[in-house]
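Trainee: Sharing a structure, written as structure tokens. Questions coming.
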Amino acid sequence: MKKLIVFDLDGTLAESKSPLDARMSALLHELLDVVKVAVISGGDWAQFEKQLLPSLPQDQLLANLTILPTCGTKFFRYQGSWKKIYSEDFTPSEKEKIVSSLKKALARARFTVGRVWGEVIEDRGSQITFSALGQHAPLSEKNNWDPDFAKRKSLKAILDTFIPEFSVRMGGATSIDVTKLGVDKAYGIRKLRDLLSVSLKEMMFIGDALFVGGNDYPVQEAGVASISVRGPNETKVATAAIIACLSRVDENDRVAKGASHGCAEQRSDARSQRHGQCTPEQHAP
């Protein structure tokens with residue numbers, strides 16, 4: 001049985017830089033009532049404070065939620081309030097090399113962008129993020145800029161030659177994320193394993209960038225069962241299926257525990273139902 005469901009944020013739980021809608025918020029809150037949940041994203045902590053947390057009821061179920069900003073290079077848990085557990089920050093010299101390399105790669109790739117909205121290269125402490133149209137670009141502009149990732153694949157290929165000692169991944173609608181080598185979403189997943197005492201086999205991941213080079217891909221490489229989605233609507237379908245499966249398992253457990261010790265046949269039937277539980281992957285979009 002899965003004990004931890006892990007989500008990407010942008011493009012999975014919500015549209016890029018947008019808050020969760022009412023239906024997604026309700027599903028996520030319902031999920032928190034039956035299983036532990038983590039959200040891991042390329043965005044920094046401030047983005048979660050704007051995009052995710054205001055959409056959720058501020059109740060005791062937050063204790064079941066873990067947040068990993070900047071592709072898992074930071075880790076927050078709720079203990080009456082949100083506490084930072086770790087942050088794998090760059091040194092000043094590392095930041096300088098990454099930023100200068102990004103600028104050289106952009107010049108070599110000969111990208112032409114007419115208008116930008118906000119910062120194009122952002123220092124997130126433990127991650128440097130390139131956003132082609134700026135941090136505050138309208139969603140319609142973002143979705144039209146690089147829908148097949150071709151532009152960013154070209155830029156990533158150049159950047160990989162400049163800074164092979166760092167990890168370069170594509171994420172969001174227009175972004176490239178640079179982290180320390182080996183410190184990516186798989187690193188965050190292993191931290192979840194160690195700090196929450198949940199094995200990789202007991203986790204499930206849902207994300208929209210599970211392709212090679214995507215910033216969700218390291219999770220799948222780490223061996224976590226993964227569901228690829230193409231936006232929040234598909235995530236809602238997968239989440240509803242997971243809730244149904246886990247709720248059914250929980251109900252069967254209650255039946256088994258409540259059965260009389262003398263009713264071996266009844267207990268056996270409950271166990272049979274539990275082992276025949278539905279698999280959320282079967283309901284994936």
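Trainee: Any chance you could give the angle, 0 to 90 degrees and rounded to 10, that helix 22-32 forms with the longest Cα principal axis of the chain?
Mentor: 60 degrees
Trainee: Rounded to the nearest 0.05, what FRET efficiency do GLU165 and LEU196 give with R0 = 22 Å and r taken as the Cβ-Cβ distance? Could you check?
Mentor: Taking R0 as 22 Å, the efficiency between GLU165 and LEU196 is 0.15.
Trainee: Please work out how much length the chain gains when fully extended from ARG248 to TRP145, using 0.36 nm per residue of separation minus the C-alpha to C-alpha distance, in nm with one decimal.
Mentor: Taking ARG248 through TRP145 to full extension adds about 32.8 nm, to one decimal.
Trainee: Under a plain spin-label model, where a point goes 7 Å from the Cα along Cα-to-Cβ, how far apart in nm are SER100 and ASP21?
Mentor: So the two model labels end up 4.7 nm from each other.
Trainee: Mind checking which lysines have their C-alpha under 27 Å from LYS36, skipping anything on the same chain fewer than 8 residues away?
Mentor: LYS2, LYS3, LYS17, LYS50, LYS74, LYS83, LYS84, LYS185, LYS191, LYS201, LYS236, LYS257
Trainee: Over segment 92-180, what number does the Rg to Rh ratio reach, with both radii from the alpha-carbon atoms and Rh per Kirkwood?
Mentor: 0.93
Trainee: Using Cα-Cα distances under 8 Å and only pairs 6 or more residues apart, what relative contact order does the chain have, in percent?
Mentor: Relative contact order, the chain: 20 percent.
Trainee: Angle check, please: helix 185-196 long axis (alpha carbons) against the longest principal axis of the chain (alpha carbons), in degrees 0 to 90, nearest 10.
Mentor: Once rounded, the angle reads 40 degrees.
Trainee: Could I ask something else about it? How big is the shadow of the Cα convex hull of segment 1-67, averaged over all directions, in nm²?
Mentor: 4.2 nm²
Trainee: Rounded to a whole number, what is D in µm²/s for the chain from Stokes-Einstein with the Kirkwood radius over alpha-carbon pairs (10 °C, 1.306 mPa s)?
Mentor: 80 µm²/s
Trainee: Of ALA150, MET170, GLY134, which is farthest towards the positive pole of segment 119-173's charge dipole, taken about the Cα centre with +1 and -1 on the beta-carbons of Lys, Arg and Asp, Glu respectively?
Mentor: Farthest towards the positive end: ALA150.
Trainee: Specify the angular offset, from 0 to 90 degrees and rounded to the nearest 10, of the alpha carbon long axis of helix 232-258 from the longest principal axis of the alpha carbons in the chain.
Mentor: For helix 232-258, the angle is close to 30 degrees.
Trainee: Can you give the relative contact order of segment 1-147 as a percent, counting alpha carbon pairs under 8 Å and 6+ residues apart?
Mentor: 17 percent
Every number in this text was worked out from the coordinates using simple rules, so none of it is lab data. Since the model is a prediction, treat every value here as computed from it, not as a measurement. Reconstructed Cβ throughout: ideal geometry from the backbone, glycine too, with neighbour counts over all protein chains shown.
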